[in-house]
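Heads up, the thing below is written out as structure tokens.
The values are calculated or read from the model by the stated rules, or taken from the named source; none is laboratory data. Remember, it's a predicted structure, so these values are computed and weren't measured experimentally. Cβ placement follows ideal geometry from the backbone for every residue including glycine, while neighbour counts extend to all protein chains displayed.
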Amino acid sequence: MNAFANAADPSELYRELRRMAHARLRDGGRNTLLDTAALVHEAYLRMAPGADAIADRRQWLAYASRTMRSVVVDMARQRQSERHGGRVGFVTWTEALDLQAQASADEVLAVHAALAELEQLAPRLGAVVEMRYFAGIDDAQIAAALDMSERSVRRDLDKARRLLVQALKA
């Protein structure tokens, strides 16, 4: 039925994360600060310890989306910290990467803050945006994961986009 029948299998977890990261970054990264391998490795390291507690694909997609969001936001925060003279005292998989311009980090953090506000107002809209923006999941997969129609996913994305644009302009 799905490619992720056994959520606790580390090789399946890694393959699915790689597919999601590739989908997320295939159109030029949409303002991420990572490449596919870095995003997969960071997300995998964060997800692997809790993988055995994931009951189904819906939960796994939500968990993966949240984890990828966390990775992207943490990298943006690290980038901002470095710009302002601070330096966190730990090593990540991504330190050797050539990071994008600072504007990307600022945009990721602004989207993260606006999305947090949106999640308070409309949790479903927040979940749809998180799956699309931070994990690169397509309409069909989002619809299946959230038990809704693809048309509803597109409507939610459109509504969320309008709300986020307003929040980002404020």
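What to note about this one:
- Among (1) surrounded by 20 or more Cβ atoms within 10 Å (Cβ to Cβ); (2) more than 18 Å from Trp60 (Cβ to Cβ), the one test that Asp106 misses: (1)
- Only one of the numbered conditions (1) in a loop (DSSP other than H, G, I, E, B); (2) at pLDDT 75 or above is violated by Arg46, and that is (1).
- Taking the conditions (1) buried (at least 18 other Cβ atoms within 10 Å of the Cβ); (2) at pLDDT 90 or above; (3) of a type outside the set (D, E, K, R); (4) not in a helix (DSSP H, G or I) in turn, Met148 satisfies each one other than (1).
- The single condition among (1) modelled with pLDDT under 75; (2) assigned to a helix (DSSP H, G or I) that Ser70 does not meet is (1).
- The condition of being modelled with pLDDT of 90 or more and among the aliphatic types (A, V, I, L, M) holds for only one of Ala160, Ala96, Ala101, that being Ala160.
- Meets criteria (within 26 Å of Tyr14 (Cα to Cα), part of a helix (DSSP H, G or I) and either modelled with pLDDT of 90 or more or over 18 Å from the mean Cα position of the chain (by Cα) (or both)) for Ala127: yes
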